[in-house]
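Here the structure comes first, spelled out in structure tokens, and everything after it is commentary.
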Amino acid sequence: MPAFSATSPGKIILFGEHAVVYGEPAIAIPVSTAQAKVIVSARIQGKPGEIIIEAPDISLSSSVDQLEPNHPLRAAIQVVIGEEDLKQVPSCTILVTSEIPPSSGLGSSAAISVSLIRAFSAFLGKRLSDEQVSDFAYVVEKIHHGTPSGIDNTVISHQKPVYYRKGDPFEFLEIGEEFSVLVVYSGFPGNTREAVDGVRERWQREPDRYNQIFTRIGDITNKAKRIIGGGDTDRLGDLMNENHELLQEIGVSTTELDRLVLAAREMGALGAKLSGGGLGGHIIALIESENDDISKEMMKKGAKSTQITHVTSRAPYN
Ligand code: PMV
């Protein structure tokens, strides 16, 4: 029996993180310079239903039934087999690897879930649409993050830039003119769950103030969508700066992220903001072209890594 494999990109959120949890729109794009990969191979000698998970990045080597019932990798397998009894499933080994730094705002958990769901369903002979893969990955995202908006699983399973509003059918984003985004890893892991929970607590204490901020972020996202579609993308910089300020206001930035955002602007980026859950992780900056100087300066300022993503309407997106 051949092996079945699937790879998935990471993602960045260009506009609208956190507000998207409260029903505002957000824009995200896939980033394929780092990928998650899952390979499922049959174990000829294995007992029916015996599934071995190998995830060397997290030093995991275990039979699936020995994992906690709500372990995300187990949940991804369970969601594919649905009501079927595990004992009916042919024995296999599932190898999970990922180059996407975890807890960094690049969607590593969704990329692993999407890859696992694709490879494992192919192994079982089930054909899933991108939509089904996304829905299944959303089930696992809820285990990881509590109340995810669903943007990560959507952009990663469809592998195209998306405009997303929870509860509405998502739209593929129209891109009038290619633009470049510098993606900078602060080297400090973020914690999306903690960030989202913290925002929720503060929103409960000051609902009016927070609702106003979320509405303003939603307006920025909608303006950005129009600008991206129209092609006058230099104007996105100011919107990124405004979006970052509002993310600071809701308490999800850090001194380190602010420092990198400021340094990117000082070095000539047209705008910069944190991306993803925050409290660490990545910042992104709109840059004019392959501006190496900004990348070098970011590294001098303590960034762990940088990469440039060209946002186009054509795949691949990296
Ligand atoms: O940290 P990430 O890459 O998982 O992004 C989280 C984005 C949030 O808007 C903060 C949460 C969500 O579920 O949309």
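The values are calculated or read from the model by the stated rules, or taken from the named source; none is laboratory data. This structure is a prediction, so every number in the text was calculated from the model and none was measured. Cβ atoms come from the backbone with ideal geometry, glycine included; neighbour counts cover every protein chain shown. Side chains are part of the model used for accessible areas, which takes the heavy atoms of the whole protein and leaves out ligands, DNA and RNA. Shrake-Rupley method; radii C 1.70, N 1.55, O 1.52, S 1.80 Å.
Per the listing Arg193, Arg235, Arg259, Arg226, the residue uniquely touching a Lys or Arg at 6+ places or on another chain (Cβ under 7 Å), open to solvent by 20 Å² or more (accessible area, probe 1.4 Å) and of a type in the set (D, E, K, R) is Arg259. Residue count for segment 258-287, restricted to those that are part of a strand (DSSP E or B), among the small types (Gly, Ala, Ser) and within 16 Å of the ligand (Cβ to nearest atom): 1. Ser104 meets all of the listed conditions (1) out of contact with any Pro (no Cβ under 9 Å at 6 or more places or on another chain); (2) more than 15 Å from Leu73 (Cα to Cα) but one, namely (1). Among the residues of segment 180-187, at least one is surrounded by fewer than 19 Cβ atoms within 10 Å (Cβ to Cβ) and within 18 Å of Ala28 (Cα to Cα). Within segment 171-199, being more than 22 Å from His282 (Cβ to Cβ) and touching a residue at least 12 places away in the same chain (Cβ under 8 Å) holds for Phe172, Glu174, Gly176, Glu177. Of Lys296, Lys304, which residue is under 17 Å from Val181 (Cα atoms), in contact (Cβ under 8 Å) with a residue 60 or more places away in the chain, among the charged types (D, E, K, R) and open to solvent by 10 Å² or more (accessible area, probe 1.4 Å)? Lys304 is the lone residue from the list that is under 17 Å from Val181 (Cα atoms), in contact (Cβ under 8 Å) with a residue 60 or more places away in the chain, among the charged types (D, E, K, R) and open to solvent by 10 Å² or more (accessible area, probe 1.4 Å).
Among the conditions (1) over 21 Å from the mean Cα position of the chain (by Cα); (2) modelled with pLDDT of 95 or more; (3) within 23 Å of Ser32 (Cβ to Cβ), Ile213 misses just one, which is (3). Note on segment 1-33: residues that are part of a strand (DSSP E or B), within 9 Å of the ligand (Cβ to nearest atom) and out of contact with any Ser or Thr (no Cβ under 7 Å at 6 or more places or on another chain) total 2.
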